[in-house]
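Novice: Quick one: the structure is below, questions incoming.
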Amino acid sequence: MLPFYQNLPFFSIVACMLTGIFTSLIHNGRTAFRVNLVLLSAVAAAQLTTLVCVVRSGAAYDYMVGIIGHPWGNELRVGPLEAALCLAFAVVMMMCVLGGWEDLNHDIHPEKLPLYFVMCDLMMASLMALTYTNDLFTAYVFIEINTIAACALVMAKDNGATIAATMRYLMMSLLASGLFLFGLSLLYWITGQLLIPDVRDAIQQLYATGQYAIPLTLILGMMMTGLSVKSALYPFHTWLPDAHGSATTSSSAILSGLVLKAYIVLIIKIIYQVVTPEIFNALHLNNVFLVMGVLAMITGSLNAIWETHVKRMIAYSSVAQIGYIFLGIGLGTRAAMIAAVYQILVHAFTKPLLFCCAGELASANWHHKHLYYLRGAGHHAPLAGLGFTLGGLSMVGVPLLGGFAVKFYLADAALLGSWQLVVALGALAASSLLNALYYVPVIVNIWSKNLHGDPDPLPGLRRKPVHAPFVVSTLCLSLGAVALGIFLQPVADLLALGLSLM
Amino acid sequence: MKDFFLTLYHQRMLVTAAILFVIGFAGLLFNWNLIKKIVGLNIMDTAVYLALTSAGYVNGRVAPIMADPKVPATMEQFINPVPTGLVLTGIVVSVSFTAFSLALTVRLYRKYGTLYLDDILFRAKRSVD
């Protein structure tokens, strides 16, 4: 008899999709918002239960979806890592919706507001399905669901700029899906399997006998390129600043904090479960990720320095932060992969915090998002100012905050490499400096008083009243960022356990 | 040399699919016209369906649903039906993406009066500044 907790991941995915359908019948934005919050809390509770039970049992398990068994049926694979990631995704998703609730009311037509939450539900379902799935074609289908939901979230504001940004995002995503799907069909051609463990066995046989060496590299290259485009790795990041910078606050936070991560989790799953790290490193694909990650860390930050629009600046900073994850993947060792997953968690908490606080600061200044107008905004919205300061300092890598933990673990993992050591440490140092170069001036700017004789850029502002949803979201996200910076060892141990059970 | 052409002949479906895929991919990537981009997308997806169906095809066999009901069923008379199922799923996905892209295109055309993405992005940027 199956223990009940093993059903929870599947039930959560189905619950999200059913709630999405049900929400489309609701005509009141506020009701849809509440339904969404209830759903996300339930999902978070379910993931927490799963996590605790899986860690206690000490083993990952395969969950058969439907009645058809192993070689043909569909499966989920649940381990501590997957459960921990889904728990973080659910919590952050809830905080993003809460933190941007006020801006949602400002930016979106009231009649369309329930549809926004339909997309949130679908997004949550696809995030969990991408993390839990044990079947490559299911992964492809949920990549597409994720893409449609993400595009709809970007265009929710429904003005010219966001629709144009959505179109650009959609076209890049379609190219990426095409590459992934073609790679997947070729993989099916040479292995004849779709379930991840079977594909792994087939690939190991092929690799041992040396058959199809070139097609295998090509296929992996296509699938990885497709996923890299979707997760905005350096040369393919061009769509990101437009999409994340122009969307409404919640959408920017969800896209930066969660959507990019889901594809990276899939990349990690493919490396660990489909090709195994040994074969992946032997094909030298990890070096490509390393170089691209380093380039992303540097160029993302450089672009952010020139940017004067606060949300576009944070979006470019995401490009740099994604670079850290790929640096960890590219180093190729178990320790570096733990650092990469740690960065997924840290960035999932910090970036939504920054976006929500930037949105609040801007709305305290009559929705001006240029840095010049944000001067002194911290005094109009103190909590948002504090949250932004905390998030910015975490990105720079101040100790006791999440960003520091990531840099520590990445540097620690890089010490094992040869030439990677110089590249990784150099990139970490340069990137921390560059991060400081654009976050610190903004933080100083929002807390400074207007200089004597300098005309107030926006006269007549008074302190903005704080709303409960925003307070909850800021506190929770800040708490996450700080907790990840203080409890380094327990989190890293959990991630190590998760990676070893993957 | 002869071997090479023989392999090409045996893998003619895969070769065709690869050529179609490249055509579609280039169409999606290098055209600025949104409608042409969407046509490229459909060519690209069709190429993948060709690759998938031919991966499951065995010469001289039929799909399970096409088999003669009077003859007792054996494995040897059927092609592999799994890729066909995948193609069905893929078609659903590509139809929804085509619809979504076309809807966005209509919206952009109403807003900016042009179908060229470079023009649209330029105008969108100008309207923000």
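Novice: Assuming A:ILE163 fulfils every condition listed in (1) open to solvent by less than 20 Å² (accessible area, probe 1.4 Å); (2) farther than 30 Å from A:PHE117 by Cα apart from one, which condition is it?
Specialist: Answer for A:ILE163: the failing condition is (2).
Novice: Hey, another quick one. Looking only at residues in segment B:36-46 that are aliphatic (A, V, I, L, M) and more than 7 Å from chain A (Cβ to nearest Cβ), which one is least open to solvent (accessible area, probe 1.4 Å)?
Specialist: B:ILE38
Novice: Could you please find all residues in segment A:400-456 being open to solvent by 40 Å² or more (accessible area, probe 1.4 Å), at pLDDT 85 or above and aromatic (Phe, Trp, Tyr)?
Specialist: Residues satisfying the conditions are A:PHE404, A:PHE408, A:TRP447.
This table checks each residue for (1) open to solvent by 10 Å² or more (accessible area, probe 1.4 Å); (2) under 18 Å from A:LEU170 (Cα atoms).
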| position | (1), (2) |
| --- | --- |
| A:TYR212 | yes, no |
| A:GLY221 | yes, no |
| A:SER231 | no, yes |
| A:HIS237 | yes, yes |
| A:ALA243 | no, yes |
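Novice: Can you find, within segment B:91-129, the residue that is nearest to A:THR147 (Cα to Cα) among those that are touching a strand residue (DSSP E or B) at 6+ places or on another chain (Cβ under 9 Å) and in a helix (DSSP H, G or I)?
Specialist: Checked segment B:91-129; the qualifying residue nearest to A:THR147 (Cα to Cα) is B:LEU117.
Novice: Could you list, in sequence order, all residues of segment B:64-90 that are open to solvent by 70 Å² or more (accessible area, probe 1.4 Å) and either in a helix (DSSP H, G or I) or polar (S, T, N, Q) (or both)?
Specialist: Correct list: B:ILE65, B:MET66, B:MET75, B:GLU76, B:LEU88.
Novice: Here's something else I'd like to know. Kindly evaluate A:ALA152 against the criterion of being open to solvent by 10 Å² or more (accessible area, probe 1.4 Å), more than 20 Å from the chain's Cα centre (by Cα) and either within 9 Å of chain B (Cβ to nearest Cβ) or of a type in the set (Ser, Thr, Tyr) (or both).
Specialist: Considered against the rule, which asks whether it is open to solvent by 10 Å² or more (accessible area, probe 1.4 Å), more than 20 Å from the chain's Cα centre (by Cα) and either within 9 Å of chain B (Cβ to nearest Cβ) or of a type in the set (Ser, Thr, Tyr) (or both), A:ALA152 comes out as no.
Novice: From the list A:SER250, A:SER173, exactly one residue is part of a helix (DSSP H, G or I), open to solvent by less than 10 Å² (accessible area, probe 1.4 Å) and within 11 Å of another protein chain (Cβ to nearest Cβ). Which is it?
Specialist: From the options A:SER250, A:SER173, the qualifying one is A:SER173.
Novice: Answer with yes or no whether A:ALA161 is more than 10 Å from chain B (Cβ to nearest Cβ) and modelled with pLDDT under 90.
Specialist: no
Novice: Still on this structure, please answer the following. Tell me which of these A:ALA208 doesn't satisfy, since it passes every other one: (1) away from chain B (no Cβ under 14 Å); (2) under 17 Å from A:LEU266 (Cβ atoms).
Specialist: (2)
Novice: Filter segment B:104-117 down to the residues that are within 25 Å of the chain's Cα centre (by Cα) and more than 10 Å from chain A (Cβ to nearest Cβ), then identify the one that is least open to solvent (accessible area, probe 1.4 Å).
Specialist: Once the filter is applied, the top-ranked residue is B:LEU115.
Novice: If a residue counts only when it is more than 23 Å from the chain's Cα centre (by Cα), which helices (runs of 4 or more DSSP H) contained entirely in segment A:2-119 have at least 2 such residues?
Specialist: Details: elements: A:8-23, A:29-57, A:80-99, A:101-107.
In segment A:2-119, the matching helices (runs of 4 or more DSSP H) lie at A:8-23, A:29-57, A:101-107.
Novice: Taking the conditions exactly as written (out of contact with any Phe, Trp or Tyr (no Cβ under 8 Å at 6 or more places or on another chain), small (Gly, Ala, Ser) and open to solvent by less than 20 Å² (accessible area, probe 1.4 Å)), does B:GLY24 satisfy them or not?
Specialist: The answer is yes for B:GLY24.
Novice: Residues being at pLDDT below 90 and surrounded by fewer than 24 Cβ atoms within 10 Å (Cβ to Cβ): count how many of those fall in segment A:335-370.
Specialist: 8
Novice: I've got another one for you. Tell me, please, whether a residue that is within 12 Å of the chain's Cα centre (by Cα) and surrounded by fewer than 16 Cβ atoms within 10 Å (Cβ to Cβ) can be found in segment B:3-12.
Specialist: For segment B:3-12, residues within 12 Å of the chain's Cα centre (by Cα) and surrounded by fewer than 16 Cβ atoms within 10 Å (Cβ to Cβ): absent.
Novice: Now for a separate question. Restricting attention to segment A:35-44, does a residue exist that is surrounded by fewer than 23 Cβ atoms within 10 Å (Cβ to Cβ), touching an Asp or Glu at 6+ places or on another chain (Cβ under 7 Å) and free of Cβ contacts under 8 Å to residues at least 60 places away in the same chain?
Specialist: First, pick out the residues of segment A:35-44 that are surrounded by fewer than 23 Cβ atoms within 10 Å (Cβ to Cβ): A:35, A:37-38, A:41-42, A:44.
When the remaining residues are screened for being touching an Asp or Glu at 6+ places or on another chain (Cβ under 7 Å), the result is none.
No.
Novice: Okay, moving on. Please find, within segment B:94-103, the residue that is surrounded by the fewest Cβ atoms within 10 Å (Cβ to Cβ) out of those that are within 7 Å of chain A (Cβ to nearest Cβ) and in contact (Cβ under 8 Å) with a residue 12 or more places away in the chain.
Specialist: B:SER101
Novice: Using the structure shown, decide if B:ALA124 is facing chain A (nearest Cβ under 9 Å) and of a type in the set (Gly, Ala, Ser).
Specialist: Details: facing chain A (nearest Cβ under 9 Å): yes; of a type in the set (Gly, Ala, Ser): yes.
It is true that B:ALA124 is facing chain A (nearest Cβ under 9 Å) and of a type in the set (Gly, Ala, Ser).
Novice: Could I ask something else about it? Looking at segment A:186-204 only, could you name the residues that are touching a strand residue (DSSP E or B) at 6+ places or on another chain (Cβ under 6 Å) and within 10 Å of chain B (Cβ to nearest Cβ)?
Specialist: Step one: filter segment A:186-204 for residues touching a strand residue (DSSP E or B) at 6+ places or on another chain (Cβ under 6 Å), giving A:194-195.
The answer is A:LEU194, and nothing else.
The values are calculated or read from the model by the stated rules, or taken from the named source; none is laboratory data. What you see is a predicted model, and the numbers here were worked out from it, not measured in a lab. Backbone-built Cβ (ideal geometry, glycine too); neighbour counts: all protein chains shown. For the accessible areas, the whole protein counts, side chains as well, though only heavy atoms, and no ligand, DNA or RNA atoms are used. Shrake-Rupley method; radii C 1.70, N 1.55, O 1.52, S 1.80 Å.
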